[in-house]
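Trainee: Here it is, the structure in full.
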Amino acid sequence: MEAPDNNSILRQQNNWQTLYFYQKSQALYQLTFEFTKRFLTRGDRTIDQMVQAARSGKQNIVEGFADGVASTEMELKLLNVARSSIKELREDFEDYLTSRHLTIWTNDHPRYGRLQEFCKYHNKLDDYQPYFQRWSEEEMANVGLSLCHYIDRMMTTYQKKMETDFIENGGIKERMSAARLGYRTNQKEEIETLQRQLAAARQELERLKKEEKP
């Protein structure tokens, strides 16, 4: 998170596109879209539910960062909406696997470790896209589950940093108060400086008048 500009009321906007959890959310959205197109029957209401949940996760990250310039509270709310959408999508992937008697990979599965490592260290869509037409439904759903897990965990860490920043630097109301106080302080200092200069000028004028007297 960027250091705050103490001279600015509005927070500096972070570039969400460079954040790993946003990049993973892009990959997750496209993976979900391709997954539903390949493995769900047209007309199945689950398609819209899963695609919309994936899109909501991605879009609310973007909207949260945009609104966060003026409101930390709004950013936190929208990021929570994003996390809720990701959790909903995770449930859909789990339900898909369970209802079709496929395996949810856990730490006792022989491929679980490689799956976790792949999703942990690969963030961008280009890392996943080449596999969209090659993975089986079980593989693709488990990749989706793993991405949901990492996105949620990384967002939790980010929100904790936001809360610390809010405690230390305040929200827009606190920054506006600080800006007003700073303005009044600077104004008072300028007036005091002018008063001292005026007093000094008067003293010099009196001295010159005395020197002019015979």
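Trainee: In segment 6-41, what count of residues is obtained for those that are modelled with pLDDT of 90 or more and part of a loop (DSSP other than H, G, I, E, B)?
Mentor: Adding up the residues that qualify gives 3.
Trainee: Just checking, how many residues over segment 127-144 are surrounded by 11 or more Cβ atoms within 10 Å (Cβ to Cβ) and either free of Cβ contacts under 8 Å to residues at least 24 places away in the same chain or touching a Lys or Arg at 6+ places or on another chain (Cβ under 6 Å) (or both)?
Mentor: Within segment 127-144, the subset surrounded by 11 or more Cβ atoms within 10 Å (Cβ to Cβ) is 127-129, 131-132, 135-144.
Then keep just the ones that are either free of Cβ contacts under 8 Å to residues at least 24 places away in the same chain or touching a Lys or Arg at 6+ places or on another chain (Cβ under 6 Å) (or both); that gives 131, 135-136, 139.
Going through segment 127-144 one residue at a time, the tally reaches 4.
Trainee: Looking only at segment 113-125, how many residues end up being exposed (fewer than 15 other Cβ atoms within 10 Å of the Cβ) and more than 17 Å from Gln30 (Cα to Cα)?
Mentor: Initial filter on segment 113-125 (exposed (fewer than 15 other Cβ atoms within 10 Å of the Cβ)): 113-114, 117, 121, 124.
If we keep only those that are more than 17 Å from Gln30 (Cα to Cα) as well, we get 113-114, 117, 121.
Looking only at that region, the number is 4.
Trainee: Does segment 69-94 hold any residues that are in contact (Cβ under 8 Å) with a residue 60 or more places away in the chain and open to solvent by less than 30 Å² (accessible area, probe 1.4 Å), and which are they?
Mentor: Thr72, Glu75, Leu79, Ala82, Ile86, Leu89
Trainee: For segment 95-110, how many residues meet the condition of being within 10 Å of Asn142 (Cβ to Cβ) and in contact with a Leu (Cβ under 9 Å, 6 or more places away or on another chain)?
Mentor: 5
Trainee: For segment 113-129, indicate whether the set of residues that are assigned to a helix (DSSP H, G or I), within 15 Å of Tyr158 (Cβ to Cβ) and not aromatic (Phe, Trp, Tyr) is non-empty.
Mentor: We begin by selecting, within segment 113-129, every residue assigned to a helix (DSSP H, G or I); these are 113-121, 125-129.
After this cut, where a residue has to be within 15 Å of Tyr158 (Cβ to Cβ) as well, the list is none.
No - not one qualifying residue is present in segment 113-129.
Trainee: For the subset of segment 53-68 comprising residues that are closer than 17 Å to Asn15 by Cα and of a type in the set (D, E, K, R), which member is most open to solvent (accessible area, probe 1.4 Å)?
Mentor: That would be Glu63.
The values are calculated or read from the model by the stated rules, or taken from the named source; none is laboratory data. Everything numeric in this text was worked out from a predicted model, so none of it was measured. Note that we place each Cβ from the backbone using ideal geometry, even for glycine, and neighbour counts take in every protein chain shown. To get the accessible areas, we keep the full protein, side chains included, count just its heavy atoms, and leave off ligands, DNA and RNA. Shrake-Rupley method; radii C 1.70, N 1.55, O 1.52, S 1.80 Å.
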